[in-house]
Structure formats: structure tokens, C-alpha cells
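*Asks:* First, the structure itself, so that you have it in front of you.
Read the figures in this text as sums done on the coordinates, not as results from a lab. Remember, it's a predicted structure, so these values are computed and weren't measured experimentally. Neighbour counts are summed over all protein chains in view; Cβ atoms, including those assigned to glycine, are modelled from backbone coordinates with ideal geometry.
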Amino acid sequence: MANQEDLLKLVKQRYTWDVATFVVTPHQDEAPKKWKKKTSKKDKKITKSEAKNAQGKIDEKDILEAEKNYKEALAYVKDVVSPAFLKVYKDKLRINNTYVKTFFIYAYPNFLEWNWLSPIINWDVKFDMSLYVYPVESAKIQKYLKKRLTQLYSERSINADKGLINDPAIEAQIQDVEELRSKLTRGQEKYFHFGLYITVYAESEEKLNKIGKDIETILAGRNVLQKQSFLRAEPWFITTGPFAKDELWVYRNISTGGLSTTFPFSSSTLSHDDGILYGINTHNNSLILFDRFKTENANMVVFAKSGSGKSFWVKLEILRSLMLGTDVIVIDPENEYKALVDTVGWSYLDVSLNSGQRINPFDLPLGLKDHEEKPWDLLRSAIIDLLWLMNLMLGKLSPEEESIMEKAIMTTYSLKWITMDDDRVEWKDIPIMSDLHDVLETMEWSKSLIIRLEKYTTGIFSGIFSNKTNIDLQEGLQVFSVRDLDDILRPTTMYVILNHIWNKVRSSNKKRMLVIDEAWNIMQHEDSAKFLFGLVKRARKYNLGITTITQDVEDFASSAYGKPIITNSSIQLLLKQSSASIDALQDIFKLTEQEKYILLNSAIWQGLFFAGAEHVWIQIVASFYEEQVITTDPNKK
């Protein structure tokens, strides 16, 4: 084959090509090189006609050579892109090892909702779609509509002469035709012939048939009817190829309004005018800019197997939310958020037996925002919270024990001059757990309670709940580390921490996020799970968004309060899942088979992001500096 570089140089420098007709025209201002050499006196005597004939012969030779080289190159390109074989069946094609089938739309409903093609456009299978639009002259369609309207009026008159009741179908057609004629006359609508063809590809006939049924199901749900091609599989395939050739001419009449609903360049998007960057929508590479506080509620659940990037993503959200002035409170079970606090500042609180930071369960809650408190409201709320706490610390209390404990708590407060008539705490001393122990020792029938409470006052767990509060929740980022807590203390301590946070949150109106990592620890115990569920239900009223993170989907969902927490969370993030838990997750979130496949085969930092009815496939992205701060991979430190 001739040197292609020489061919290209020749074409660019000396000729203007029309590839469709193989016409080659030499540039008028450029003569062949042979005519540019220095001429002698003898050469100058050549006549103009002789020069013209000679130049024409040279140009013809160059053109034939260039055309030969072009055809050789074109044949080579066709050999490269052509398949090894193509087999034609009555209803499909086989191209190499791929089966191909084409469908066409033959009927539409009277009304098409906007973006009705979106389920097909966002369908995660291999397919080609072609839309052919042919404008129709208004005069021609007006003539047809006039004739059709005359037929409908005539049919209605005949029915009236026969004494038949009006046919509502005829009335509806008359109304539609008159309305369309009016819009066409005013120029508000135009008329078109519209053809829609879809070609799908699969590795096997079984999968091809399944895709065909899925298409029928998707379109039938919108009263759009389709059929598959028969006996003309090859022209159907050409029609959906990149040739702009409609070999079939299967079309329906449609007006501008209906045609506008078929706009194909649409995809599932999830983007607000403000908010933070959550990731990239892998369907269309659009940015997912999202403000969780603009949804029904700002609660979120995050499910993922270990190592899939759930903590990474949550820390990324925290870092970006802090930049917008949102306060964030984190319950950290593994000291994963220490580096984040060291970078951005604020408070890291170690909650353990050996720590000097304490929370007093007897602290009265702060007054509610925009609410006039009665004298006994705060004390009554504190007593109820303490009774819940005692059921966690001492085991389930019997009705008699609960009555004794209630009286003992009220007495403990009254000894500090905090009563139902006056529960103000200014200049008053707040009681601690040892004060309750002393009161119980003076009461009858309280021996069992005293024995069980001693380990928290004078026993091995003394100090953690029997000291005054020496921490204060400030603005910004506050992290409670519970890594060094014994398992036996974890549910009780989590309850105390959550209650302390809740009292702070409901006292002022400010955007806050509460992140509870490894939430299955709380769900193991009914009382703490019930308390968390109460927070999730009431969080929206106080501008609080609760993020619940866990890798144990089945343990979380098996709790009586697990599913209600999920259903009361408007936002869900599902990252890579194990095959052992995917079925439970599919049942909870009603995942499609395709979504199930995505979760089983996702790479790290990939998954599904649900916000209300919007489902998108998300790719989490972070800058280099963000990744250095928040990563938990020891190999990247």
C-alpha cells in the first residue's frame, strides 16, 4: 500500500477533496512543482494551450494516484472495523458472539409524561436507540384534520338520528381534533412523523429475551406499546446504526408537545443549587451537589462491608460540611476521627474509665428553644431519662423496683433543692450517682437496687457516671471516642452520651449533624435502640441530621427499631456489599437486580446513593489533601 503520509500531505497541500463523490480539485493558486522550476528561453515559447494540456495530464495522473491510495486505505479501515461474520435470523442477528435484536414503538397514549424515556436512557445494558423526526406541512395536516372532524360529526349525527346515546369516545376525539386544529392555526403546535427504534445486545439468546421482556415491562407501564422486528433484522439493525438511514419507515403522528417529552439526552441527576459535593454520578458524569437539610429529613443510613470506604465518605462529608458552618458531633468507636480533629481543631473527648472527662447523668436538660418551660418540665424530663438509664445499668427493673427508683431519684434532687416547684439550677449543686446510692440506703425494699448500683459508685466502674460534668459541647466538630470502653459499659455510656448531645441540640436552632459509627452496638439493647429511634424521629424538628453507619446489615435490621430507623431516614448510601448480606439489603430497600449487581461488584468508594425517589450510582471523589486527612488506609499515611 502507498505511503499514507505522502497521500495525506498531497491531499492537504494541493487538493480539495469531496470524499462522498471522490472529486479532487487542485488549488488554483498552486501549480505543479514541474512548472515551478527555472524556465529557459525555449520553455517560454510554449503556448498557453500546450501548457494547459500538459498541466491537465499531470493533474489527471496525480488524481488517479491519490484516488487509488484512498481506496486502498479505505479498504484497510473496513477490514479493521468489520466483524468476523454476521448471521441473519428471522428475528435477530448474530455478530461474532453477540446477539442483536431490534424493537420499534408502534403506539403511544394520549398523554406522555415528561422524561418518560428516562428509564430506558438510564438502563444499564448495552443498547442503541434511534429517533427519526419528519416535519409535516401544516396545510396537509389541517386538510386531514378537517376531513377527520367531518367524519366524527357525521358519526355523532347518525347516532343521534338512531336515538342512541352519545359515545364518549367520539366526543373525546372531537375535542382533541378541534384543540389540535386551533393550536396548529395559531402556530402553537407543529406536526411530525416520529419513529423510535431500540436495538439491544447480549451474549446469549436467554439474556437477549430477558432484556426484551424488560423493555416491554418498562414501556407498558407508561402505556407505550412496542414490537420486535421479524424477517427484516438487517434493515432494523442499520436503522439504529450511525448512518442516519431509516430503512423501515415505521412511524406515528405526534405533535410538538408529545415530541418534546421524548428528548433523549436526559439522565438521573441529583443536584441542588447549593450544598456540598457528594461525588460523581457515574451514569452521566454529572456532579452530585446535595444539601441534606433540604430533604424531608436530614437523616441518613450508611451500609457497607468493611474496607469499602464508608468511614472515608462520612469523614469527607464532615470536612465539607464544616466549611459551610454546620456543627458536627461524632461518636467514634475506633479512634478513626482523631486525625480529622487534629487537622481542623475543636474537641476530641475520650470517654473511658481512665479518662478524666466525665458526663453527669443527673444534669438537667437545657430549656427547649421557642418554648416556655413550666417549673417541673425539666426535672420531669431528667427523671424519665434516668429511669431509662437505670434499666440499662441495673438490668430490667420490675414495676416495684421502678417505683422505688423513681422516688429515690426525686428525693436525690430535692436534697439539692431541685424540686417540682422550683427546678432552676442556678447556684444549686447538681447531684451525682453516689447521692442516689445514699438515698437508696435509707429506703425499704431497695437492697437489690443498692447491690446492683454499687459497682457504679464504689465498685469497678466507679467514677464514670459518678462525677460532675466537665465537658461542654462547643460549635464546630466534637468527637466522643468510645474505643477504650469495655463492652459491658458501651451501651450504657452511648445512651448517656446521646442524651447529653440531645439536650444540647434541642436547646438551640442550628444546623447539626450527629454521626453514629458502628451503630449496631446501640441496636443490641432494646432501651438504647429505642432511644436512638426516638432521636431519629424527632431530629427534623431541631435541624439535626443523624447519620447511622453500620456494616452488619442483618443485625441492624433484625432489631425491632432497625427498620423504623431506616424508613425514617430520607437518605441512604449503600457501598460494596458481601454476598451474605445482599439479600437482606435487597429486601429492605427493594433493590432491582441491576442495583444488586452494582453493590456486589462495586469498587472501593463506589455504590448507590438514594435521596427520596432519586437513585444514582455514585463515585466518591476527594482531593489529594482531603484524602491525606481522612484516609484510614495505613499504606497511604
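*Asks:* Using Cα positions and a limit of under 12 Å, work out the aspartates and glutamates in reach of Lys576, with same-chain residues fewer than 8 apart set aside.
*Replies:* Glu595
*Asks:* Report the paramagnetic label zone for Lys87: residues of the range 216-237 whose backbone N is under 20 Å from a point 7 Å from Cα along the Cα-to-Cβ axis.
*Replies:* Only 229-237 pass the distance filter.
*Asks:* Which percent, nearest 5, of DSSP beta bridges in the chain are antiparallel?
*Replies:* Percent antiparallel among DSSP bridges in the chain is about 65.
*Asks:* Checking the a/c ratio against 1.5 first, then a/b against b/c, what shape does the Cα gyration tensor give for the range 360-468?
*Replies:* Working: a/c = 1.83, a/b = 1.63, b/c = 1.12.
Prolate shape, in that a/c is at least 1.5 and a/b is the bigger ratio.
*Asks:* I would also like to ask the following. Taking each pair of distinct Cα atoms in the chain once, what is the resulting Kirkwood hydrodynamic radius in Å?
*Replies:* One over the average 1/r among Cα pairs gives 32.1 Å for the chain.
*Asks:* Given labels modelled 7 Å from the Cα in the Cβ direction, how far is it in nm from Asn209 to Asn166?
*Replies:* Each label point lies 7 Å from its Cα, and together they span 5.0 nm.
*Asks:* Taking amide H positions as placed 1.01 Å from N in the peptide plane, with prolines and chain starts having none, which residues 5 or more places from Ser481, or on another chain, fall under 5 Å of its amide H?
*Replies:* When sequence neighbours closer than 5 places are left aside, the close amide H contacts are Asp332, Leu349, Asp350, Val351.
*Asks:* With a cut-off of 8 Å between alpha carbons and a minimum separation of six or more residues, what is the relative contact order of the range 79-188 in percent?
*Replies:* Numbers: 41 pairs, mean separation 15.0, N = 110.
Relative contact order for the range 79-188 comes out at 14 percent.
*Asks:* Non-local amide H neighbours of Ser286 (under 5 Å, H modeled in plane, Pro and chain starts lacking H): which ones?
*Replies:* Asn281
*Asks:* Using 1/(1 + (r/R0)^6) with R0 = 51 angstrom and r between the beta carbons of Tyr153 and Ile604, what's the FRET efficiency to the nearest 0.05?
*Replies:* 0.15
*Asks:* List the residues of the range 303-318 whose backbone N lies under 19 Å from a point placed 7 Å from the Cα of Glu627 along the Cα-to-Cβ direction.
*Replies:* Answer for this model: 307-318.
*Asks:* Follow-up. Per 0.36 nm of contour for each residue apart, how much would the distance between Trp249 and Glu72 grow if the chain were fully extended, relative to their Cα-Cα spacing? Write down the numbers at each step before the final one.
*Replies:* Details: separation 177, 0.36 × 177 = 63.72 nm, distance 3.50 nm.
So the extension gain works out to 60.2 nm.
*Asks:* Given a cut-off of under 8 Å on Cα pairs at least six residues apart, what relative contact order in percent is computed for the range 360-468?
*Replies:* Working: 112 pairs, mean separation 31.7, N = 109.
Relative contact order of the range 360-468: 29 percent.
*Asks:* Output the 0 to 90 degree angle, nearest 10, between the alpha-carbon long axis of helix 399-414 and the longest principal axis computed from the alpha carbons of the chain.
*Replies:* Approximately 80 degrees, to the nearest 10.
*Asks:* Each residue of the range 425-442 in turn: what ³J(HN,Hα) in whole Hz from Karplus with 6.51, -1.76, 1.60 and θ = phi - 60°, glycine and Pro shown as x?
*Replies:* Couplings: 10, 4, 6, 10, 8, 8, x, 10, 4, 5, 5, 5, 4, 5, 5, 4, 5, 8 Hz.
*Asks:* Relative to a virtual label point 7 Å from the Cα of Ser381 in the Cα→beta-carbon direction, which members of the range 404-443 show backbone nitrogen distances below 19 Å?
*Replies:* Hits in the range 404-443 for Ser381 at 19 Å: 410, 413-414, 418-428, 430-431.
*Asks:* Now for a separate question. Can you tell me the relative contact order of the range 87-260? Whole percent, Cα pairs under 8 Å, sequence separation 6 or more. Present the calculation step by step, with values, prior to reporting the outcome.
*Replies:* Working: 238 pairs, mean separation 76.2, N = 174.
Normalised by residue count, the contact order of the range 87-260 is 44 percent.
*Asks:* If you don't mind, there's one more thing I want to ask. Report, in degrees rounded to the nearest 10, the 0 to 90 angle that the Cα long axis of helix 205-220 makes with the longest principal axis of the chain.
*Replies:* Value to nearest ten degrees: 80.
*Asks:* Rounded, prolate or oblate: which one fits the range 211-323, using the alpha carbon gyration tensor with axes a ≥ b ≥ c (rounded when a/c is under 1.5, else prolate when a/b beats b/c, else oblate)?
*Replies:* Judged from the Cα gyration tensor, the range 211-323 comes out prolate (a/c at least 1.5, a/b above b/c).
*Asks:* So, in nm, how far is label Gln188 from label Glu400 when the simple model puts each one 7 Å beyond its Cα toward the Cβ?
*Replies:* Modelled inter-label distance: 8.2 nm.
*Asks:* Given the peptides 545-552, 316-323, 346-353, arrange them by the average over their residues of other C-beta atoms within 10 Å, most packed first.
*Replies:* Taking the mean over residues of other Cβ atoms within 10 Å, the ranking is 545-552, 316-323, 346-353.
*Asks:* At 222 nm, what value in deg cm²/dmol follows for the chain if DSSP H runs of at least 4 each add -39500 (n - 2.57) and the sum is divided by all its residues, to the nearest 500?
*Replies:* Counting only the DSSP helices, I get -13000 deg cm²/dmol.
*Asks:* Ranked from highest to lowest mean number of other Cβ atoms within 10 Å per residue, what is the order of the peptides 158-170, 599-611? Can you show the working numbers first?
*Replies:* Working: 158-170: 9.8, 599-611: 19.1.
Output ranking for 158-170, 599-611: 599-611, 158-170.
*Asks:* Near the amide H of Lys126, under 5 Å away, which other amide H atoms are found, from residues 5 or more places off or on another chain, if H is placed in the peptide plane?
*Replies:* So Lys126 has HN proximity to Tyr201.
*Asks:* Now for a separate question. Hey, with R₀ at 60 Å, roughly what FRET efficiency would Asn110 and Leu277 work out to, going by the Cβ-Cβ distance, to 0.05?
*Replies:* 0.90
*Asks:* List, in order, the whole-Hz ³J(HN,Hα) value for each residue of the range 460-469 obtained from phi through the Karplus relation with A = 6.51, B = -1.76, C = 1.60 and θ = phi - 60°; use x for Gly and Pro.
*Replies:* Result, ordered by residue: 5, 9, 5, x, 5, 10, 10, 9, 6, 5 Hz.
*Asks:* Right, next: Would you kindly derive the ³J(HN,Hα) couplings of the range 517-530 from the backbone phi angles with the Karplus curve 6.51 cos²θ - 1.76 cosθ + 1.60 (θ = phi - 60°), listing them in order in whole Hz, with x for Gly and Pro?
*Replies:* With coefficients 6.51, -1.76 and 1.60, one gets 7, 6, 5, 4, 4, 6, 6, 5, 10, 4, 5, 5, 5, 5 Hz.
*Asks:* With a point put 7 Å past each Cα toward its Cβ, work out how far Gln586 is from Leu415 in nm, to one decimal.
*Replies:* The two pseudo-label positions are separated by 6.1 nm.
*Asks:* Where does helix 310-323 land angle-wise versus the long Cα axis of the chain, in degrees 0 to 90, nearest 10?
*Replies:* Result, in degrees: 90.
*Asks:* Specify whether the C-alpha gyration tensor of the range 437-503 places it in the rounded, prolate or oblate class, a ≥ b ≥ c being the square roots of the eigenvalues: rounded for a/c under 1.5, otherwise prolate if a/b is larger than b/c and oblate if not. Walk me through the intermediate numbers first.
*Replies:* Working: a/c = 2.74, a/b = 1.98, b/c = 1.39.
Prolate, because a/c is 1.5 or more and a/b exceeds b/c.
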